[in-house]
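Down below is the structure, laid out as structure tokens.
The values are calculated or read from the model by the stated rules, or taken from the named source; none is laboratory data. Values in this document were obtained by computation on a predicted structure and should not be read as measured data. FYI the Cβ positions are ideal-geometry reconstructions off the backbone, even for glycines, and counts take in every protein chain you see.
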Amino acid sequence: MTDLVRGPSGCKNAFFSIRFSVNEIALHVEDSTDKQITREKDMFNVLGRICESKDQTYKIKSSSHEARSVSDVTLVAVRDGPLRRTPEPRNLEQASPGNSRHGDQFGESRILSDTALVRDYLVARGRALSSQHSVSVHEEREALLRYIDVLDLAQTTFEKVCQELVDAKDSLAALEEIKARFLVEHETLIAENYRKTQELAEVMKINSGLNKEIDRLKGSRNSRHFKSLRKFTSTTDMAKARFVLIDELNVTSGLDKNSCRVTGCVLASPCTLALADCNNSAVKILDVNTNTIVEYHQLPAAPWDITALPNDELAVTLQLRKEIQIISKYRAMFLKVDGDCRGIDFLFKHNSLVVSYVDPEKVEILDLQGVVLKSFTFREGNVMFLRPHYVCSSSNEDYIFVSDTMKHTITKLSVTGDTFESYSDPELAEPEGLCSTSDGGLLVCSYNQNYIHLVSKNLERISALLSSAEGIEEPQAIYYDWKTNKLYVALYKNNIKVFTAQPSSK
């Protein structure tokens, strides 16, 4: 019996076996009585139709099965004459796609129906031969039984192949659905990539403009006027200079609900000043060239002090919430701290923050995640501070200066905690904001006395740089831009006074 293999090739082999068996049946049929010829001709017409269907569907070519045949023959039913054997060509013609029945899995119903007819005929023929006892009849009967088995197996295989074709069609439909989904995702990614490209182009355009502005500023620094200002980079030179009021900046905004009280200021860029407005719980970005508020950040609590961080970020202390808020275009971040925080400054060299607290009274150095790196509270059993309102670092960032409004002192600490010095002066009542000069000196706001004190890096008084005669009234915060020799003083009221140093006559 011919071996059958699962799949389309197995089905081809199975039907080829039927075809080969039909050839052998034909040899017996030619020797049978004339009574059987007409009926057998009809049955073999069916067999020929099945074989022809198999030829067209599976495109059977010459194979090892054909080689085993005594002679390659195909039954041809001749309507008006006896059956005869006709040689079959070695290479069968390819099936035409238009002849296949795509709607019925290659004519599955017709093939199975024809197969059933042939099987019925073979069974009936076997029964008819069962009453005869000649040797030839016995051999024919045995052959018919074998052919019935082959036909049953071929039919089962064909049904399995048809089911596999249906499953394959379902799988193909699923793959097409996945492909369609991937195409949609691909289009989405292309659109997203285009949007990102546009954003990058915009950023590059802005960056190009900033580079041009930097080049312009560099050129201005080489100007004669800038070179004259560069002489005032030490506290001694500053003491000899005369500071002149050049501008008065209005810090009010239409979004304000109360009168302004600027308790902290820092230069955010060469032309913008960041202000902490305590009364309005806001941070304002002021364009110093146009004297306009260009940004307004509403905060969840009243701020006290503010400092600039890398990457155009700002850090502001929220006193009652015991938090430090990081203000950025790209993120919103809050650092929890242990106390009512007030003054703040950034140590670039150490990439950390220095913060003062009034409850409890202490100074801490924190990393940018809010982890305490160093704490200053007691020294030799005594409290170091009573009400430390502001802090700033020296120009080399090796020291920290702290203004204590209750002790009326300025305290100098080394970052490591090894050095501790204190400065006081009768005219330095309730010191508030302070900032360092380029040579390590210090500018301090004397809130009650309406002075701006200039102190050396060794905590020695040099002079009262500004007073009420220059319009200083209850100075709260201060920032000195040593690159342009501009001094920004935030008063208790709604304005900031801008001073610049003029060279001495000598």
**Q.** Residues of region 372-398 that turn out to be touching a Ser or Thr at 6+ places or on another chain (Cβ under 6 Å) and under 14 Å from Ser436 (Cβ atoms), as a count
**A.** 5
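Okay, residues lined up against (1) at pLDDT below 95; (2) touching a Phe, Trp or Tyr at 6+ places or on another chain (Cβ under 8 Å); (3) under 20 Å from Ser259 (Cβ atoms):
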{"residue": "Asp277", "(1), (2), (3)": "no, no, yes"}
{"residue": "Thr290", "(1), (2), (3)": "yes, no, no"}
{"residue": "Trp304", "(1), (2), (3)": "no, no, yes"}
{"residue": "Thr307", "(1), (2), (3)": "no, yes, no"}
{"residue": "Asp312", "(1), (2), (3)": "yes, no, no"}
{"residue": "Ile324", "(1), (2), (3)": "no, yes, no"}
{"residue": "Ser328", "(1), (2), (3)": "yes, no, no"}
{"residue": "Met333", "(1), (2), (3)": "yes, no, no"}
{"residue": "Gly343", "(1), (2), (3)": "no, yes, no"}
Q: Report yes if Asp345 is out of contact with any His (no Cβ under 7 Å at 6 or more places or on another chain) and buried (at least 20 other Cβ atoms within 10 Å of the Cβ), otherwise no.
A: yes
Q) Mind checking which residues of region 239-283 are of a type in the set (Lys, Arg) and out of contact with any Cys (no Cβ under 7 Å at 6 or more places or on another chain)? A) Lys240, Arg242, Lys257
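Can you find a residue that is assigned to a loop (DSSP other than H, G, I, E, B), in contact with a Cys (Cβ under 9 Å, 6 or more places away or on another chain) and surrounded by fewer than 18 Cβ atoms within 10 Å (Cβ to Cβ) anywhere in region 322-334?
Yes; the residues of region 322-334 include at least one that is assigned to a loop (DSSP other than H, G, I, E, B), in contact with a Cys (Cβ under 9 Å, 6 or more places away or on another chain) and surrounded by fewer than 18 Cβ atoms within 10 Å (Cβ to Cβ).
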Q) What are the residues in region 376-426 that are surrounded by 19 or more Cβ atoms within 10 Å (Cβ to Cβ) and among the polar types (S, T, N, Q), if any? A) Ser393, Ser394, Ser403, Thr405, Thr409, Thr411
Q.
Checking the condition in contact (Cβ under 8 Å) with a residue 12 or more places away in the chain and farther than 25 Å from Ile326 by Cβ, which residue from Ser375, Ser393, Ser403, Ser424 passes?
A. Ser424
Q.
So in region 272-316, with the set limited to residues that are β-branched (Val, Ile, Thr) and without any contact (Cβ under 8 Å) to a residue 40 or more places away in the chain, which one is nearest to Asp338 (Cα to Cα)?
A. Ile285
Q. Quick one: how many residues across region 272-295 are surrounded by 20 or more Cβ atoms within 10 Å (Cβ to Cβ) and not hydrophobic (A, V, I, L, M, F, W, C)?
A. 3
Q. Do we find a residue being assigned by TED's automatic domain parsing to the domain that holds Leu117, acidic (Asp, Glu) and in contact (Cβ under 8 Å) with a residue 12 or more places away in the chain anywhere in region 152-163?
A. yes
Q. Does region 305-316 include one or more residues that are surrounded by fewer than 18 Cβ atoms within 10 Å (Cβ to Cβ), aliphatic (A, V, I, L, M) and more than 29 Å from the chain's Cα centre (by Cα)?
A. no
(Q) Quick test of your reading of the structure: Leu373 fulfils all but one of (1) modelled with pLDDT of 90 or more; (2) loosely packed, with under 15 Cβ neighbours inside 10 Å; (3) out of contact with any Lys or Arg (no Cβ under 7 Å at 6 or more places or on another chain); (4) part of a loop (DSSP other than H, G, I, E, B). Name the failing condition by number. (A) (4)
**Q.** Filter pass, Ala241 being assigned by TED's automatic domain parsing to the domain that holds Cys341 and at pLDDT below 90
**A.** yes
Q: Only residues that are assigned to a strand (DSSP E or B) and in contact with a strand residue (DSSP E or B) (Cβ under 6 Å, 6 or more places away or on another chain): list them for region 278-295, please.
A: Ala282, Val283, Lys284, Ile285, Leu286, Asp287, Ile293, Val294, Glu295
Q) Failed condition for Lys493, given (1) touching a residue at least 60 places away in the same chain (Cβ under 8 Å); (2) more than 25 Å from Arg342 (Cα to Cα), with all others met? A) (2)
**Q.** Filter result (in contact with a Lys or Arg (Cβ under 8 Å, 6 or more places away or on another chain), assigned to a loop (DSSP other than H, G, I, E, B) and surrounded by fewer than 23 Cβ atoms within 10 Å (Cβ to Cβ)) within region 427-457
**A.** Asp439, Gly440
Q: Test Ile462 against the criterion of being surrounded by fewer than 19 Cβ atoms within 10 Å (Cβ to Cβ) and either assigned to a loop (DSSP other than H, G, I, E, B) or out of contact with any Cys (no Cβ under 8 Å at 6 or more places or on another chain) (or both), and give yes or no.
A: yes
